[in-house]
1. Grab the Cα-Cα distance for Ala263 and Leu229, subtract it from 0.36 nm times how many residues apart they are, and report the gain in nm with one decimal.
2. Just need the relative contact order of segment 180-277 here, percent rounded to a whole number, with Cα pairs under 8 Å and 6+ apart.
3. State whether segment 117-268 is rounded, prolate or oblate according to the following rule on the C-alpha gyration tensor (a ≥ b ≥ c being the square roots of its eigenvalues): a/c under 1.5 gives rounded; otherwise a/b larger than b/c gives prolate, and the remaining case gives oblate.
4. Taking R0 as 41 Å, what FRET efficiency do you get between Ile134 and Ile28 from their Cβ-Cβ distance, rounded to the nearest 0.05?
5. Apply the Karplus parameterisation 6.51 cos²θ - 1.76 cosθ + 1.60, with θ equal to phi minus 60°, to every residue of segment 70-87 and state each ³J(HN,Hα) to the nearest whole Hz, in sequence, with x for glycine and proline.
6. In whole percent, how big is the carbon plus sulfur part of the accessible area of segment 130-266, probe 1.4 Å, protein atoms only?
7. So if I place +1 on the C-beta of Lys and Arg and -1 on the C-beta of Asp and Glu, and nothing else carries charge, what would the dipole magnitude of segment 171-269 be about its Cα centre? I want it in debye, nearest 20.
8. From Cα pairs below 8 angstrom and at least 6 apart in sequence, can you work out the relative contact order of segment 106-205, rounded to a whole percent?
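The values are calculated or read from the model by the stated rules, or taken from the named source; none is laboratory data. Keep in mind it's a predicted model, so treat the numbers as computed, not measured. Cβ sites come from the backbone with ideal geometry, for glycine too, and all protein chains shown count toward neighbours. The area values use the complete protein model at the heavy-atom level, side chains included, leaving out ligands, DNA and RNA. Shrake-Rupley method; radii C 1.70, N 1.55, O 1.52, S 1.80 Å.
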Amino acid sequence: MPRGAGQRPQTYRIALTIAIIVALIAAIFGAMPIAVLVAAFAVPVVYIVYIYDVNLWEDEPVIVTGLAFLLTGALTVGLTILWTYLRGPVPYGTTTYEGSLSAAPTVSTFLLVALVVPIVGEVIRQIGPLLLAIRPEFDDLMDGLTFGVISGVSYSCFDTLVRHWDLLTGGLQGSDPGLWVSLIFLEGFVKPMIIGTASGIAVAEFSGLGRGYDGFTPRYFRGVGEAILANAAYQAGTYLFSFVGDATLGVVLSILWGLIILAILILRVRNVLHVGLMEAALERSVRDRSPGAALEVQYCEQCEMPLLDHAAFCNACGTAVRVQTKASRPKVGAVLTTAGPEESIVPGFDTPVAGEQPADDAAHAASDETAIHDESGGSRDPRDRFYDEEEGRS
C-alpha cells in the first residue's frame, strides 16, 4: 500500500500481521467460523481503514468505498452461488484403498472454473470502479488503482464466505491443523492479494495519465486481459491441485502456485504505483504553488505527466515543453493593389507615410525599370542570346 500515512507507515502491516496470526490460531484449534470470518475480512478491512486514514477523496470515502465494495460484493454473491451450483460438489480428491483417486477433473468443470468464472468475475469487478473513475474528481491513475483493489478484495471476501459457508456455520471442526491453516492462508490472504492486485492494474489503465480518464483504450483491454489471465491461472491451478490425492498437499501446492502468480503481479503493480504516485506528487506540487487559485494544470504531450508552472522541461520524461510545433500558414498568392495618390500602402494608415512614393511616381519608376530591363535584355530569342554571348567571349 502507498505510504500515505507518513507518521505511522507500519500500522497497516502490523494490523495485517495480527489478523493473520488470529486466523491461523483459530484454524489450528478447529474454530473455523472465527478463522473464516477473520480471513475473509482481514485484507478488506485493513485496506479500507487505510483509505479513511489517508482520506484520499476528501469528504467522500463512505460513498466511494460503499459503491466499490458493496456493489461488487452483492454481484459476487450471486455469481458464486450460480457457478458453484453448476459445478457441483468438488471436494479435495482422496485415494481409495487400491491407491487410485476417488475423483478426477472433468473438462466441463475445468472450463467453467478456469475460463468462465475468471472472465465473468473480472467484468463484475470492473463495474463499480469504472462508474467512479469516469467522474472528474476520481479520474487519476491512483484513484483507479485504489478502486480496483477495493473491488478485488471485496470479490474475494464474499466469494470466500459463500464457498466456505459450511465451515462458517459448522462450528468446531476435527483436528487437522495442517489442512485448516493452509486453507485459511490460501483463501484469506493469497487469493485477495491476487484478485485485488490484478483488478487494480486493469482499472488503473482505464484512468490513465493526463487530463481526464483514458477510457476503453488498448492499454485498458491489455490490463483486463492480464487480470483475467492471472485469475484463470490461479483458478486452474487450485482446481487441478485438489486432485493430487492428499487434501493438505493440494492446498499447499495451491499456495505455492498462488505466490508465484502474486510475485509477478507485484512486479507489475509496482511500476503502475510508481507512475501513479509521481503523477499525484507533481499535480499536488503545481496546485500548492498557487493556493486558492483556479489553476489549470498543464500536461506533457509526450508522457502526459503534470507540468510545473513555467517549466522548460518535463520533470518525468525530460522533454522540452517550450518547444512547440509552429502552426502552418496557408500559402495565399499575393494580390497587387494600386493605392490612390492620397492613400498609404501600409495597413492602418490612411495617408502616405515617410518613405512612400506617390502612386504616379511609383508607376513611372516601374515603367522606367521595365524599359531599361527590356533594352538590356535584348532579343528574347534563345538563339540571339547564344550568339551575343559567343561574340562577347571572342
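1. Result: 10.8 nm gained on full extension.
2. 35
3. prolate
4. So, using R0 = 41 Å, E works out to roughly 0.30.
5. 6, 4, 5, x, 5, 5, 5, 4, x, 5, 5, 4, 5, 6, 5, 5, 5, 6
6. Solvent-exposed carbon and sulfur of segment 130-266 make up 71 percent of the total.
7. Computed charge dipole of segment 171-269: roughly 380 debye.
8. 42
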